[in-house]
């Protein structure tokens, strides 16, 4: 069911109010909840909330891009959700009018770093529920006893074995970011409220683009085999390595068992790669916390901040909690994979939530595509990227 379908349900509900306002509202006006988290088992927590509180939830699963598109095209006639479980960068979307979370509603047990990731312009605009969302290097222990520590090792292995050894979502810019960090090529500087400078036209950006696409030309990575394809090849043993988000750990572990290993992202000429880090948070668009469902939404907030629920995230769903005590319990585990996952998260970079990030992503992809297709060389590409970034940022202001 789409967000637009909620409008139809709402119209029907309003027409029935004439007959029995109180009864109908209680029975047909649930919290409208959208989730973009790709973890089917997480719905068990939503069902548990509804059964333990008696507050009904009407839940829709959408992917990130589809939900972003619907929110940005919203008009007066479209019903939007009361609450959304989304990555933190959603709070940077303009004109959504998110409710600010009152300070008294934020549990002191939630990690401060996660609260900062859920903040924009000094305001907390979502309740952090799940931490992490960072990239790691998965490897198959039956294929390699010691994971590669550098890209040069992977290149050499590819030449020796004459076939793809590693896969990832090559054409998605979230996966390109760690390569930029190894070349010190991130094209912006951010303070707490805005992007101070945006600079794509640098030798470091040229080097990062050249290195990334060389991995493709050298036969290290198949640029046509992106997210789902790369995962399938890794799961079936056709690839030794997979760069993917922490969010895939639980399902990979279920399938591969003890054969699954986790390692740091490979270095480039001795320089470490740093993934972005973020949280999944519950946000409330169009000032929902000031609306008629305020009391119900407050109970939803309290539920997902509780230790009882947060402690279930890892044990049942393989997700990293934001609650301090639940996180400490996870950190005390002796699993080598867990230690690597948490160490990689600690070295990750908080993903900016600023509205300018939409432009950064778009410019990166345009430059990436033009250079990769051979339309422009590296120098012309970064100059082009700077030009369209400056033009787009001017319109944003």
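Here the peptides 358-366, 334-342 are ranked by packing, the mean other Cβ count within 10 Å, and the order with the highest first is 358-366, 334-342. With the simple spin-label model, which puts each label point 7 Å out from Cα in the Cβ direction, the residue 197 to residue 302 separation comes to 4.9 nm. The candidate values are (i) 75, 51, 36; (ii) 69, 50, 42; (iii) 64, 52, 43; the one derived from this structure for Cα extents along the principal axes in Å carries the label (i). Residue exposure proxy: 188, 371, ordered by other Cβ atoms within 10 angstrom of their Cβ from fewest to most, comes out as 188, 371.
Can you run the Rg to Rh ratio on segment 113-229? Use alpha carbon positions and the Kirkwood inverse-distance Rh.
Checking Rg against Rh, the ratio lands at 1.05.
Only helices enter this figure: runs of n ≥ 4 DSSP H residues, each worth -39500 (n - 2.57), summed and divided by the residues of the chain, yield -13500 deg cm²/dmol at 222 nm to the nearest 500. Mean sequence separation of contacting Cα pairs (under 8 Å, at least six apart), scaled by the length of segment 312-397, corresponds to a relative contact order of 18 percent.
Calculated from the alpha-carbon coordinates, segment 289-388 shows an Rg and a Dmax of 21.4, 57 Å respectively. Remark: relative contact order (the chain) = 24 percent; criterion is Cα-Cα distance under 8 angstrom and separation of 6 or more residues.
In segment 76-127, the inverse of the mean reciprocal separation of distinct Cα atoms equals 12.2 Å; this is its Kirkwood hydrodynamic radius.
Once the Cα atoms are used to define both axes, helix 336-346 deviates from the longest principal axis of the chain by about 80 degrees. Across segment 346-387, Cα-Cα pairs more than 16 Å apart make up 44 percent of the total. Backbone N atoms of segment 81-97 closer than 11 Å to the 7 Å Cα→Cβ label point of residue 123 belong to residues 95-97. Largest first, the three principal axis extents of the alpha carbons in segment 192-287 are 46, 45, 26 Å in whole numbers. Here the residues 211, 33, 200, ranked from fewest to most Cβ neighbours within 10 Å of their Cβ, fall in the order 211, 33, 200.
Straightening the chain between residue 383 and residue 362 buys 6.1 nm, computed as 0.36 nm per residue apart minus the Cα-Cα spacing.
Bear in mind these aren't lab numbers, they're just calculated from the coordinates by the rules spelled out. All values derive from a computational prediction rather than experimental measurement. Counting neighbours? That spans all protein chains shown, and the Cβs are built from the backbone with ideal geometry, glycine included.
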